[in-house]
Amino acid sequence: MAMDLEGAREQAEEQALWDKEDNNFDGWDDEDVPTRALFPDDAATFPNAEAALQHAKEQGCDVRQLVARLQLDTLQVIRLINYIRRPATQPRPTPLSIMQLTGHESFLNDDAELQPVPGYENDGLLQLDLAEEATGQDVQSELAMLRQAYNELRLQYAARLGITSADAVDATPAAAPVSTNVDKMYFDSYAGHDIHQTMIADTVRTLSYAQFILSPANAHLIRGKTVMDVGCGSGILSLFCARAGAKQVLAIDASDVAERAKANVEENGFSHVIRVFRGKMEELDEVLAPWAGQVDFLVSEWMGYFLLYESMLPSVLYARDRYLKPNGILAPSHSRMVIAAATDKGVLCERLRFWDQVHGFHMPSMTQGLMDEAATEDVEAASIVSEPATLCDLPLESLPVRQPEFTTPFRLTITKPCTVHGFVSWFDTWFAPRAHEPFRELPPVRISPVQPNEVNGLHLHRQDVVPESASTPGEHVSFTTSPFGKPTHWKQTIFLLKTPIEAQAGTIVDGEMRVYPSKTNERELEVELHYGVDERPMGEKRVATRMIQVYSVR
Ligand code: SAH
């Protein structure tokens, strides 16, 4: 019985997602699904769900208003509609009793209510995503409130300055404060010292940059050249470039840390090479105009958790298009996101297990929602139970200037009998010493961490630069953030499965990952994992259950 309910829930979840997608599909007309009246004692039928909703509203049951008031999610809306129509429901629901629901009724969270009601399986009302619409309305009203609050502040400010309120309110577009707010929080998070220490202490990261920048074989890329450092932070990468003999380094950062970078540049005697510009990359066009199309070498450490979290990449691509010379170097130049299946060898399910035993108490309610978020942890190599598959190749040179979104199918072959508790993702990054290098010509990613003694010039002090060398040009550098390499501050990203997979050696997990920016915070991501196991014994008909889980990465 429990299995059946779970099946119904998955089916409903899949249906909900399917509907959501189809609603976005041009040409699909969601108004043409035949629909019966909401209340089963009403024999009326309608050509579409809208008409049925209108009819219910006229009878005193405004479903849209109810969904918004109770903040029901997609599955709760399905349960509500099934509950109203299910013959067994007692006492019989009426428009009034439904409008008086409080949201605490147990049927709203009872998966038995996801079982389709006979005769209503394909009914149009079940295919409207009323929960999604309501969320949209919430965001709209939140936006309106923010706008109003912002305008009030502007008016107060205007009054203090003695300018007219109309000038103050009209000065910037109404939507500005929201994005400014997200940006402010983002750049504030880089203002302190901790985060920069964490990044610099990550030697896999920092020494890989240093190795590429200071390699005698790459001296021709930097010596006497113009460098731009997008998001300079403490200034560490700009300082490496200055030490490699750059003619000038334009170091840009929108966070307060830019002031510390200036001090660090002065402290180390490189003020004659490095100029720090405090501001957002996209807002410095005027001051950086002299360098449009003049930069030889563009360096940036933009990679976030799950590579794309933080959405800094578009800022780097913006700088690429505006400032980099046609054959200029991007450092790094390529990144690859990968995925593998994992079993729990300790860390993977730790967050779940924690609540099993809390000083003698059992607290499963605390795990609610936990699987809706991706986790960032160092996964042991022994947990990985498949070969990795590529999720997305990002050649920085040719990416369009926006946050990447992708839908990628993957196929993972499980290597040993085990329970697959989740999928784990990480990324690899390359620095190519020449422009236009295709992915297929890159060397395999380096797994063993770079050692300090491999990096040129780390022993130098103050404004010393590395001596000139006539070494043969061009050294690739790369690093991995995989569980097989030395741990990095990025760790790995874990997507735990609500329904683990029992697998044998050779079991094939077919999946698809969809990654797109979150609707509520453009720096966060949503990830949809669709997956299924081909359980077909040799020669038999395929039996595959498709599962869907949605995660936020934040
Ligand atoms: N380069 C440093 C810091 C990397 S962290 C290092 O390697 O240690 C990324 C930095 O980029 C942060 O300091 C952040 O404030 C900055 N940043 C991110 N997006 C930016 C943008 N659009 N404009 C300016 N700075 C940005």
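The values are calculated or read from the model by the stated rules, or taken from the named source; none is laboratory data. Here the structure is a predicted model, which means the values were calculated and not measured. Methodologically, a virtual Cβ is constructed for each residue, glycine included, from the backbone with ideal geometry; neighbour enumeration extends over all protein chains shown. Remember, those area values only see protein heavy atoms, side chains included, never the ligands or the DNA or RNA. Shrake-Rupley method; radii C 1.70, N 1.55, O 1.52, S 1.80 Å.
Points to keep in mind about this one:
- Filtering the range 109-124 to residues that are in a helix (DSSP H, G or I) and within 14 Å of LEU80 (Cα to Cα) leaves ASN109, ASP111, ALA112, GLU113, LEU114.
- Within the range 240-263, the set of residues being within 14 Å of MET199 (Cβ to Cβ), touching a strand residue (DSSP E or B) at 6+ places or on another chain (Cβ under 9 Å) and open to solvent by 20 Å² or more (accessible area, probe 1.4 Å) comprises just one member, PHE240.
- Residue within the range 209-216 that is open to solvent by 10 Å² or more (accessible area, probe 1.4 Å), under 21 Å from GLU454 (Cα atoms), among the polar types (S, T, N, Q) and in contact with an Asp or Glu (Cβ under 9 Å, 6 or more places away or on another chain) present: yes
Yes/no matrix, rows are residues, columns are (1) surrounded by 24 or more Cβ atoms within 10 Å (Cβ to Cβ); (2) away from the ligand (no atom under 14 Å from the Cβ):
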| position | (1), (2) |
| --- | --- |
| LEU307 | yes, no |
| GLU310 | no, no |
| SER315 | no, no |
| LYS325 | no, yes |
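- Against the conditions (1) among the acidic types (Asp, Glu); (2) open to solvent by 30 Å² or more (accessible area, probe 1.4 Å); (3) within 10 Å of the ligand (Cβ to nearest atom), ASP321 satisfies every one except (3).
- Selected residue (criterion: nearest to the ligand (Cβ to nearest atom)) from residues of the range 245-297 that are charged (D, E, K, R) and in a loop (DSSP other than H, G, I, E, B): LYS280
- Between VAL401, VAL466, the distinction of being in the same structural domain as GLU266 (by TED's automatic domain parsing) and assigned to a loop (DSSP other than H, G, I, E, B) belongs to VAL466 only.
- Any chance THR407 is farther than 30 Å from LEU221 by Cβ and among the hydroxyl-bearing types (Ser, Thr, Tyr): yes
- The condition of being β-branched (Val, Ile, Thr) and surrounded by fewer than 24 Cβ atoms within 10 Å (Cβ to Cβ) holds for ILE236.
- Residue check, SER448 in the same structural domain as PRO326 (by TED's automatic domain parsing), in a loop (DSSP other than H, G, I, E, B) and either more than 25 Å from GLY269 (Cβ to Cβ) or among the basic types (Lys, Arg) (or both): yes
- Test set (1) within 16 Å of the ligand (Cβ to nearest atom); (2) assigned to a strand (DSSP E or B); (3) under 30 Å from ASP510 (Cα atoms) - ARG336 fails condition number: (1)
- Restricting attention to the range 459-497, the residues that are charged (D, E, K, R) and closer than 21 Å to VAL338 by Cα total 2.
- Matching option when the condition is in contact (Cβ under 8 Å) with a residue 60 or more places away in the chain, open to solvent by 10 Å² or more (accessible area, probe 1.4 Å) and among the aromatic types (Phe, Trp, Tyr), among TRP291, TRP302: TRP291
- Verdict on LYS345 being without any contact (Cβ under 8 Å) to a residue 60 or more places away in the chain, open to solvent by 70 Å² or more (accessible area, probe 1.4 Å) and in a strand (DSSP E or B): no
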